[in-house]
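Colleague: Okay, here's the structure, questions in a sec.
The values are calculated or read from the model by the stated rules, or taken from the named source; none is laboratory data. It should be emphasised that the depicted structure is a prediction, and the values quoted were computed from it without experimental measurement. Neighbour counts are summed over all protein chains in view; Cβ atoms, including those assigned to glycine, are modelled from backbone coordinates with ideal geometry.
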Amino acid sequence: MGHRKYSAPRHGSLAYLPRGRAARLVPRVKYWPDGGDVKPLGFIAYKAGMTSVYYVDNTPNSPFQGTEVQKAATVLAAPPMWVVGIALYENVDGSLRDVLKIWSNNLPDDIRRRIKNLRPNEDDARRKLEKIRDRIAEVRLIVATQTRVVGAGKKPHITEIKVGGEPQKALEYALSKLGGELKISEVFREGDFIDVIGVTKGKGFQGVVKRYGVSKLQHKSRKTVRGVGAIGGRKPPYVTYLVPRSGQMGYHRRTEFNKRILVISEEGEKYTPRSGFHKFGIIRSDVVVVEGSVPGTPKRPIVLRAAAKPPQPVEKPEITLIKV
């Protein structure tokens, strides 16, 4: 029995199993951080493209502190979202249970076409609030994006975003925003750390060489070349999950922690190249520039969430140049 000449650790992380397709294009947020100010803890933006940002590094204990550094950054279009409803939850044996949903009387036509048989109940629901106010444990805004502004289709993407702070104060804030618009400047500030949740670029059904990076067999192999040499012994009588197998690659829901917001601006065209971003075009709405990369393709909705595990706070960076 021969021995390989060079070491080759297995490729492909086992942290994400099963590697199935995402259930929906707008990812579901499985965890919202507790506490904080009375404001929404998330926002939905659309990926436009990437650029380079030059700024003075002010990270404490950084070897480049006080010097100008260049970082890759992602430009996201963040048009205002419609607050179309409020979802109220109570705590029952440690889990959340739906108590009441309030739908605004002032709904855009795109929302009425998106949700069939939607009946606004704002007036009746406000009267019911007095009876259930003490049971409320969590308040969420039902928001809808303006997909027409970014050219991502006609149907708006609808999701729930938690409101931070005490439940009673969060409820008053939610009622004040019901039927209006929510801008990203009301949720985040420049220099904040956020978590990015999105769906990665899909690559379809792939084999083990592309999916896990296993080595090809010799060209004289009797059965196959682009496959694993053996899938296991006689015991156990099944193929274990440690064996690389072909299947879906990409289009997975992923979360990336602690991305730093560099810029929030209402002048989207100022941060757009002269010819527009590839497969996106010109940004004609609010814009947010996030340090690092973001999963997904252009025009894909990205959920920006308040950091679940925030690092040490850092002041707003001093930006010297943004390449456009």
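Colleague: Suppose we filter segment 168-203 for residues that are outside any strand (DSSP E or B) and within 21 Å of the chain's Cα centre (by Cα); how many remain? Step through it out loud before you land on a result.
Modeller: Taking segment 168-203 and keeping what is outside any strand (DSSP E or B), we get 168-180, 183-192, 200-203.
Adding the requirement that they be within 21 Å of the chain's Cα centre (by Cα) leaves 183-192, 200-203.
So the answer is 14.
Colleague: Can you tell me which residue is farthest from Val209 (Cα to Cα) among those in segment 1-37 that are small (Gly, Ala, Ser) and free of Cβ contacts under 8 Å to residues at least 12 places away in the same chain?
Modeller: Gly2
Colleague: Residue check, Gln70 against (1) touching a residue at least 40 places away in the same chain (Cβ under 8 Å); (2) assigned by TED's automatic domain parsing to the domain that holds Val288, all met but one. Which one?
Modeller: Evaluating Gln70 over (1) touching a residue at least 40 places away in the same chain (Cβ under 8 Å); (2) assigned by TED's automatic domain parsing to the domain that holds Val288 leaves (1) as the failure.
Colleague: Let me ask another. So if I check each of Val99, Val26, which one is of a type outside the set (Phe, Trp, Tyr), surrounded by 15 or more Cβ atoms within 10 Å (Cβ to Cβ) and not assigned by TED's automatic domain parsing to the domain that holds Asp195?
Modeller: Values: Val26 fails: not assigned by TED's automatic domain parsing to the domain that holds Asp195.
Every option except Val99 fails the conditions.
Colleague: Among residues belonging to segment 274-310 that are in contact (Cβ under 8 Å) with a residue 60 or more places away in the chain, assigned to a loop (DSSP other than H, G, I, E, B) and over 20 Å from the mean Cα position of the chain (by Cα), point out the one that is nearest to Phe43 (Cα to Cα).
Modeller: Arg284
Colleague: Okay, moving on. What number goes with the only condition from (1) in contact (Cβ under 8 Å) with a residue 40 or more places away in the chain; (2) assigned by TED's automatic domain parsing to the domain that holds Gly281; (3) surrounded by fewer than 15 Cβ atoms within 10 Å (Cβ to Cβ); (4) more than 30 Å from Lys279 (Cα to Cα) that Asp57 does not pass?
Modeller: (3)
Colleague: Now for a separate question. Every residue in segment 136-152 that is over 20 Å from Ala48 (Cβ atoms) and assigned to a loop (DSSP other than H, G, I, E, B), please.
Modeller: Within segment 136-152, Ile136, Ala137 meet the criteria.
Colleague: While we're here: So Ala72 passes all but one of these: (1) touching a Ser or Thr at 6+ places or on another chain (Cβ under 9 Å); (2) closer than 27 Å to Lys155 by Cβ. Which condition number does it fail?
Modeller: For Ala72, the failing item is (2).
Colleague: Continuing with this model, one more query. Checking Val314 against (1) at pLDDT below 95; (2) touching a strand residue (DSSP E or B) at 6+ places or on another chain (Cβ under 7 Å); (3) outside any strand (DSSP E or B), which test does it fail?
Modeller: (2) is the only condition that Val314 fails.
Colleague: Then there's this: Identify, by number, the condition in (1) closer than 30 Å to Gly191 by Cβ; (2) of a type in the set (S, T, N, Q); (3) surrounded by fewer than 16 Cβ atoms within 10 Å (Cβ to Cβ); (4) touching a residue at least 60 places away in the same chain (Cβ under 8 Å) that Asn106 doesn't meet.
Modeller: (1)
Colleague: Of the conditions (1) surrounded by fewer than 14 Cβ atoms within 10 Å (Cβ to Cβ); (2) assigned to a loop (DSSP other than H, G, I, E, B); (3) not polar (S, T, N, Q), Lys155 satisfies every one except a single condition; which number is it?
Modeller: Condition not satisfied by Lys155: (1).
Colleague: If you don't mind, another one. Of all residues in segment 144-178, how many are within 20 Å of Ser285 (Cβ to Cβ) and not hydroxyl-bearing (Ser, Thr, Tyr)?
Modeller: 15
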